[in-house]
Amino acid sequence: MSLFGVLRLPNEIVFGVGQRHALAAIAARTGKRALVVTDERFASTPAFAEIVASVKAAGVSVHVHDAVLPDVPRDTVAACTQNLGDFSPDMVIGIGGGSCLDFAKCAALLLRHGGALQDYYGEFKVPGPVLPLIAVPTTAGTGSEVTPVAVISDPDRTLKVGISSPYLIASSAICDPELTYSCPAGLTAIAGADALTHAIEAFTALRRDPAPELAQKHVFVGKSALTDHFALLAIELLGRSLERAVRDGGDIEARADVMMAATAAGCAFGSAGTAAAHAIQYPVGAVTHTAHGLGVAALLPYVMTYNRSASAAEFAQVAIALGIDPGGRDDVDLAQAGIDKVTSLFAAIGIPVSLKALGLVGDQVEWVASQAIGIERLIKNNPRPLDLPAMVRLVQAAFDGDREAAA
Ligand SMILES: NC(=O)c1ccc[n+]([C@@H]2O[C@H](COP(=O)([O-])OP(=O)(O)OC[C@H]3O[C@@H](n4cnc5c(N)ncnc54)[C@H](O)[C@@H]3O)[C@@H](O)[C@H]2O)c1
Ligand SMILES: [Fe+2]
């Protein structure tokens, strides 16, 4: 098999403790007028006041929108972009969790191209570059600071929707682990588990025939040598440090590991894509109203078990990246050890062990399966093919908490 790779990334990723202080200089070379979007929580912190003051001191005028809500309700974006008065931004700076970063992407899109967000749902619907975007995450999880997708909730639709376009990739991502020190244990666990799910689903995403038009027609193109590199880095860092960061939020080495892992996982799945765990989470999240990371992580051990026969070699590599000593074991044995390790890590950080524990009820299983199988852009990425009966079996196994029933 010949080497193949696709990687779409920001122009610059700046990572390290204190790097948020680089924002002023980066903003000053990006433009003159910044729309800064964040949520109420971060807007009330001294760190935010300091950031805004430094950007202004660098000669950039600033309009702050500090009303981002979790999961980005659709109309909140236009409510922001249509109420700027005389202020005409030439860049957008998003600071916060995945919701703030996704909001910033949507604002940069509407400010450049107008229309309504609904016009851009799906893949490759954004007609050209959006306003330059600087993304500064305060959670270590979604990877949105480097990915080509914004996820929002639409009051007219049951499931959340995505806008996927290479034009939505931030021009600069500034990742400062210090901004995550205030994350409580539960948020650290949920966001970090989302990152591990991104990395493992990207690492096992179906490998496509590397035709020249592949990456021109699809945003997510399956695993490749370049995305594998980032996925394995993320898995290694999370294996080493996720549980530590959840147990002791003051462990600054673990915090940095988890944040770099989240960004690296974003670099992997932003080109490779994710698969069945993310597809099933869309309907599960819609009915249980639970956090995205909690759902994908609860599902991951079942999806890995379903995929075990197709991805033994990859799961064996996952096991080694998670710190398991191969000790002469074959791929099948090691793959199982990798699945067991993910299961025990998630149990240790408080991820629910089944969809029942997540709040799903039994008569919703068929509906969840039928919705999930319809999310084609993710289902097509799964390494073992899925049809409706297989999906029903997988969702039922995850509901019952019976991992082997998913095989
Ligand atoms: N665009 C992508 O590539 C991508 C990938 C995965 C998930 N997502 C989306 O991202 C969203 C989830 O993002 P998230 O998990 O980062 O959470 P979030 O942005 O929704 O924030 C959740 C809560 O955590 C708080 N918070 C954020 N940073 C904090 C900090 N440092 N200290 C204390 N509290 C803090 C927020 O104020 C909020 O109340 C979902 O909408 C999900 O669908 C997007
Ligand atoms: Fe995710």
Qualifying positions in the range 378-391 - in a helix (DSSP H, G or I) and surrounded by fewer than 18 Cβ atoms within 10 Å (Cβ to Cβ): Leu388, Pro389, Ala390
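Residue by residue, here is whether (1) within 16 Å of ligand 1 (Cβ to nearest atom); (2) touching a helix residue (DSSP H, G or I) at 6+ places or on another chain (Cβ under 8 Å); (3) within 23 Å of Ile349 (Cβ to Cβ) holds:
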{"residue": "His278", "(1), (2), (3)": "yes, yes, yes"}
{"residue": "Ala310", "(1), (2), (3)": "no, no, no"}
{"residue": "Ala321", "(1), (2), (3)": "no, yes, yes"}
{"residue": "Asp325", "(1), (2), (3)": "no, no, yes"}
Test: residue in the range 10-22 that is aliphatic (A, V, I, L, M) and more than 13 Å from Val136 (Cα to Cα): no
Residue among Leu360, Leu345 that alone is among the aliphatic types (A, V, I, L, M), in a helix (DSSP H, G or I) and in contact (Cβ under 8 Å) with a residue 60 or more places away in the chain: Leu345
Residue that is farthest from the chain's Cα centre (by Cα), among those in the range 228-275 that are within 16 Å of Ala205 (Cβ to Cβ) and part of a loop (DSSP other than H, G, I, E, B): Ala275
Subset of the range 220-261 (residues that are under 19 Å from Ala275 (Cβ atoms) and among the hydroxyl-bearing types (Ser, Thr, Tyr)): Ser224, Thr227
Qualifying position, being in contact with a Pro (Cβ under 6 Å, 6 or more places away or on another chain), of a type outside the set (D, E, K, R) and within 16 Å of ligand 2 (Cβ to nearest atom), among Gly270, Gly266: Gly270
Subset of the range 280-296 that is of a type in the set (Gly, Ala, Ser), assigned to a helix (DSSP H, G or I) and within 11 Å of ligand 2 (Cβ to nearest atom) - its residue that is nearest to Asp154 (Cα to Cα): Gly285
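With respect to Ser224, determine if the residue is touching an Asp or Glu at 6+ places or on another chain (Cβ under 7 Å) and either free of Cβ contacts under 8 Å to residues at least 24 places away in the same chain or surrounded by fewer than 24 Cβ atoms within 10 Å (Cβ to Cβ) (or both). Show your work before the answer.
Values: touching an Asp or Glu at 6+ places or on another chain (Cβ under 7 Å): no; either free of Cβ contacts under 8 Å to residues at least 24 places away in the same chain or surrounded by fewer than 24 Cβ atoms within 10 Å (Cβ to Cβ) (or both): yes.
Answer is no for this residue.
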For Gly323: the one exception among (1) buried (at least 22 other Cβ atoms within 10 Å of the Cβ); (2) closer than 21 Å to Ala245 by Cβ: (1)
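Output the residues belonging to the range 92-130 that are touching a strand residue (DSSP E or B) at 6+ places or on another chain (Cβ under 6 Å), buried (at least 23 other Cβ atoms within 10 Å of the Cβ) and not aromatic (Phe, Trp, Tyr).
Narrowing the range 92-130 to residues touching a strand residue (DSSP E or B) at 6+ places or on another chain (Cβ under 6 Å): 92-95, 100-108, 120-121, 123.
Still in the running and buried (at least 23 other Cβ atoms within 10 Å of the Cβ): 92-95, 100-108, 120.
Answer for the range 92-130, where residues must be touching a strand residue (DSSP E or B) at 6+ places or on another chain (Cβ under 6 Å), buried (at least 23 other Cβ atoms within 10 Å of the Cβ) and not aromatic (Phe, Trp, Tyr): Val92, Ile93, Gly94, Ile95, Cys100, Leu101, Asp102, Ala104, Lys105, Cys106, Ala107, Ala108.
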Any hit, the range 72-84, residues being free of Cβ contacts under 8 Å to residues at least 40 places away in the same chain, loosely packed, with under 15 Cβ neighbours inside 10 Å and among the hydrophobic types (A, V, I, L, M, F, W, C): yes
Leading residue by the ranking (nearest to ligand 2 (Cβ to nearest atom)) among those in the range 116-127 that are without any contact (Cβ under 8 Å) to a residue 60 or more places away in the chain and not small (Gly, Ala, Ser): Tyr121
Pairs with Cβ under 7 Å, 6+ apart, first in the range 287-298 and near ligand 1 (Cβ under 10 Å from one of its atoms), second outside any helix (DSSP H, G or I) and hydrophobic (A, V, I, L, M, F, W, C): Leu294/Ile351
From the options Leu159, Leu111, residue that is more than 16 Å from ligand 2 (Cβ to nearest atom) and either of a type in the set (Asp, Glu) or in contact with a Pro (Cβ under 7 Å, 6 or more places away or on another chain) (or both): Leu111
Top-ranked residue of the range 182-221 - restricted to ones that are under 19 Å from Gly122 (Cα atoms) and surrounded by fewer than 19 Cβ atoms within 10 Å (Cβ to Cβ), ranked as farthest from ligand 2 (Cβ to nearest atom): Glu213
Wholly enclosed strands (runs of 3 or more DSSP E) of the range 90-163 bearing at least 3 residues β-branched (Val, Ile, Thr): 91-96, 149-152
Any hit, the range 122-139, residues being more than 12 Å from ligand 1 (Cβ to nearest atom) and within 18 Å of His278 (Cα to Cα): yes
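Any idea which residue in the range 128-142 is nearest to ligand 2 (Cβ to nearest atom), counting only those that are over 20 Å from Arg41 (Cα atoms) and in contact with a helix residue (DSSP H, G or I) (Cβ under 6 Å, 6 or more places away or on another chain)?
Of the residues in the range 128-142, the ones over 20 Å from Arg41 (Cα atoms) are 128-133.
Among the residues that remain, those that are also in contact with a helix residue (DSSP H, G or I) (Cβ under 6 Å, 6 or more places away or on another chain) are: 129-133.
Numbers: Pro129: 25, Val130: 22, Leu131: 25, Pro132: 25, Leu133: 20 Å.
Step by step, filter the range 128-142, then rank; the result is Leu133.
Here, each number is a calculation from the coordinates, and none is a lab measurement. Just so you know, these numbers come straight off a predicted model, no measurement behind them. Quick reminder, even Gly has a Cβ in these numbers, built from the backbone with ideal geometry, and neighbours come from all protein chains shown.
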